[in-house]
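Colleague: Quick one: the structure is below, and I'll ask about it shortly.
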Amino acid sequence: MTSATPTESVAAEQPAPGTGRSSLILLNAVFRAIGDVGSKLATAVLALLVARKAGASEFGVFSFAISFGGIAVTLGQFGQEVVLIREVARDPRRLERYYSDVLSSKLLLSVPVLLGALAVAALAGMQEHTLLVVALMGFGFVFDYVIGVPFAVFQAYERVGLIPIVLITQRWVTTALAALALFSGRGVVAVAAIYCAGSLLAALFAGQLMFRKIARPRLRVHVRGALSVTREAIPIGLGLVAYLVLSRVDMTMLEMYKPSAEVGQYAAAYRLLETTAFVTWSVNTAVLPTMSRLSPTSEPTVGFVYARALKLVLAITVPLAAGAAVLASPIIALLYGAEYHRAAEALVILAPTITLFPVSSLSCQLFYSQDARRVVGLTYAAVLAQNVVWNLIMIPRYSLYGAAAGTSVSEILVACTLMVLSRRLHGRLQASRIVAGPLLGSAAAAAVMAALSGSLALAAPLGVAGYLLVLLGFERIAFPDDLEVIAQFAARLRYRGRAASATTTNA
């Protein structure tokens with residue numbers, strides 16, 4: 001077997017002639033989107049199966065376990081990956097230090113806390129059935145955080161195409177096995193056990209893929225190094241912890257005040273909301289390494305990349321939010337059945353979050369890339385306090401609708417605050433360039449979908465067609481240079497295809 005020469009290997013990594021940084025960001029965003037869409041689709045199928053086969057009460061237990069377990073291990077996602085991505089993107093030689101330190105930090109900050117939370121829950125009288133589901137999902141989340149370390153390496157090296165290989169395999173194998181368990185009469189305990197085992201195997205697979213494709217950093221447990229990384233990540237981690245708690249506290253508080261069936265109704269709407277998060281993770285994955293190398297005075301500026309990324313996430317999420325608001329009832333009825341009719345009303349209230357969350361998250365990446373991290377933590381902490389107070393007042397009165405409204409209000413506060421406070425980093429933004437096309441296209445799509453709301457099979461595709469027609473027509477007239485990025489992206493894809501074909505031929 002003949003391997004490619006060093007010259008050929010280097011050539012295969014070079015950008016296609018005539019392509020730019022924006023098209024590379026888009027390419028990496030698409031790779032991450034493939035992984036996230038594939039995995040989120042599998043996760044959504046799993047949630048639907050649990051909701052339909054186990055019923056609203058058991059689905060409520062499962063959703064509560066996700067929320068409680070996620071909060072218990074939240075320190076395992078304390079911003080360590082952001083530190084690794086930022087530092088290794090600036091200097092790949094730093095991988096040797098940061099890989100094991102980040103991995104050790106994650107395990108030290110998650111496993112002991114999870115065990116303590118389970119002990120407290122048991123002493124407080126949590127039902128054994130619920131406690132077991134919480135424990136299995138909690139350890140599954142720990143292994144998910146371990147997967148995030150090689151994923152961060154892929155991102156720092158801008159080899160994001162490796163992420164879908166792990167994500168899609170993990171989620172669909174887990175979903176298939178969980179489906180078999182549910183259809184054979186087993187309940188949510190079996191589903192949680194399958195999820196936990198699948199996450200562990202995926203963590204091993206991701207590490208092996210990194211060793212083969214990227215680098216082979218030494219594996220060691222270095223407590224001092226783990227503490228050092230944790231200190232670096234504290235400003236980031238506080239923001240991430242506050243966000244994670246903010247995203248789960250409504251479900252947990254709803255369980256405290258209302259029956260599990262109400263939690264299941266809210267979870268049905270919230271899971272659909274979460275399936276749109278692939279847009280955020282995809283763009284964040286693509287832009288963080290690039291923004292880490294830039295500054296407000298570099299060429300191009302970090303503000304230029306931020307504005308292009310902001311336009312990208314709005315172009316995708318504004319029509320999604322419009323569709324969720326207009327077609328909530330038929331979507332919920334199709335996916336969950338008539339039993340979940342209250343979830344449709346909650347989804348309408350949650351719809352703005354589909355657009356607001358990506359704006360907030362992208363602004364966070366801007367702060368992280370420029371080592372201006374305290375603002376994010378303080379903002380999320382303040383809004384978390386507001387959200388808890390809101391839920392204490394509104395959930396007892398309005399149940400899941402109060403929780404949904406609290407989520408949307410909190411996202412408005414976070415997005416607006418971070419946009420204003422990040423102005424010194426991104427400079428003045430050209431609002432018409434960023435929002436005009438997505439808003440005009442979404443208005444057209446909403447009109448089409450509202451007129452055809454009685455037939456989801458017609459409303460959805462014709463709404464998408466109307467959106468694209470208006471958006472592309474407007475951009476071609478008003479901002480043709482932005483459309484050029486798409487042409488560069490296509491050229492880069494063709495170049496990657498030719499390089500892959502040449503490698504296969506030489507093998």
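The values are calculated or read from the model by the stated rules, or taken from the named source; none is laboratory data. Here the structure is a predicted model, which is why all the values come from computation and not from measurement. Glycine gets a Cβ as well: all are built from the backbone with ideal geometry, and neighbour counts include every protein chain shown.
Colleague: Taking the criterion of being part of a helix (DSSP H, G or I), farther than 22 Å from LEU49 by Cα and either under 12 Å from the mean Cα position of the chain (by Cα) or modelled with pLDDT of 85 or more (or both), would at least one residue in the range 266-277 satisfy it?
Modeller: The answer is no, given that none of the residues of the range 266-277 is part of a helix (DSSP H, G or I), farther than 22 Å from LEU49 by Cα and either under 12 Å from the mean Cα position of the chain (by Cα) or modelled with pLDDT of 85 or more (or both).
Colleague: Could you tell me how many of the residues in the range 444-460 are within 21 Å of LEU335 (Cα to Cα), in contact with a Leu (Cβ under 8 Å, 6 or more places away or on another chain) and assigned to a helix (DSSP H, G or I)?
Modeller: 5
Colleague: I've got another one for you. Take TYR306 and tell me if it is part of a helix (DSSP H, G or I), crowded, with 21+ Cβ neighbours inside 10 Å and of a type outside the set (A, V, I, L, M).
Modeller: yes
Colleague: Looking at the range 85-108, can you tell me whether even one residue there is closer than 30 Å to ARG224 by Cα, surrounded by 19 or more Cβ atoms within 10 Å (Cβ to Cβ) and under 17 Å from the mean Cα position of the chain (by Cα)?
Modeller: Yes; the residues of the range 85-108 include at least one that is closer than 30 Å to ARG224 by Cα, surrounded by 19 or more Cβ atoms within 10 Å (Cβ to Cβ) and under 17 Å from the mean Cα position of the chain (by Cα).
Colleague: For the range 371-419, which residues satisfy the criterion of being surrounded by 20 or more Cβ atoms within 10 Å (Cβ to Cβ) and outside any helix (DSSP H, G or I)?
Modeller: ARG373 - this is the single residue of the range 371-419 that is surrounded by 20 or more Cβ atoms within 10 Å (Cβ to Cβ) and outside any helix (DSSP H, G or I).
Colleague: So VAL313 ticks every box in (1) more than 18 Å from LEU429 (Cβ to Cβ); (2) without any contact (Cβ under 8 Å) to a residue 60 or more places away in the chain but one. Which box is left unticked?
Modeller: Exception for VAL313: condition (1).
Colleague: Let me ask something else about it. What are the residues in the range 192-234 that are aliphatic (A, V, I, L, M) and outside any helix (DSSP H, G or I), if any?
Modeller: Residues satisfying the conditions are ILE214, ALA215, LEU219, VAL221.
Colleague: Just a yes or no: is a residue in the range 146-158 part of a helix (DSSP H, G or I) and of a type in the set (D, E, K, R)?
Modeller: No, there is no match, as no residue in the range 146-158 is part of a helix (DSSP H, G or I) and of a type in the set (D, E, K, R).
Colleague: If you don't mind, there's one more thing I want to ask. Could you tell me whether VAL283 is crowded, with 20+ Cβ neighbours inside 10 Å, out of contact with any Ser or Thr (no Cβ under 8 Å at 6 or more places or on another chain), modelled with pLDDT under 90 and in a helix (DSSP H, G or I)?
Modeller: yes
Colleague: Looking at LEU334, LEU356, which is the one that is closer than 19 Å to THR407 by Cα, of a type in the set (A, V, I, L, M), in contact (Cβ under 8 Å) with a residue 40 or more places away in the chain and surrounded by fewer than 24 Cβ atoms within 10 Å (Cβ to Cβ)?
Modeller: One residue alone meets the criteria, LEU356.
Colleague: Exactly one of these conditions fails for GLY161: (1) of a type outside the set (A, V, I, L, M, F, W, C); (2) in a loop (DSSP other than H, G, I, E, B); (3) in contact (Cβ under 8 Å) with a residue 60 or more places away in the chain. Give me its number.
Modeller: (2)
Colleague: Within the range 283-298, count every residue that is over 16 Å from ALA156 (Cβ atoms) and among the polar types (S, T, N, Q).
Modeller: 3
Let's see how each residue does on (1) under 22 Å from the mean Cα position of the chain (by Cα); (2) part of a loop (DSSP other than H, G, I, E, B); (3) under 27 Å from PRO438 (Cβ atoms):
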site	(1), (2), (3)
THR252	yes, no, no
VAL279	yes, no, yes
LEU288	yes, no, yes
SER295	no, yes, no
LEU312	yes, no, yes
ALA321	yes, no, yes
ALA346	yes, no, yes
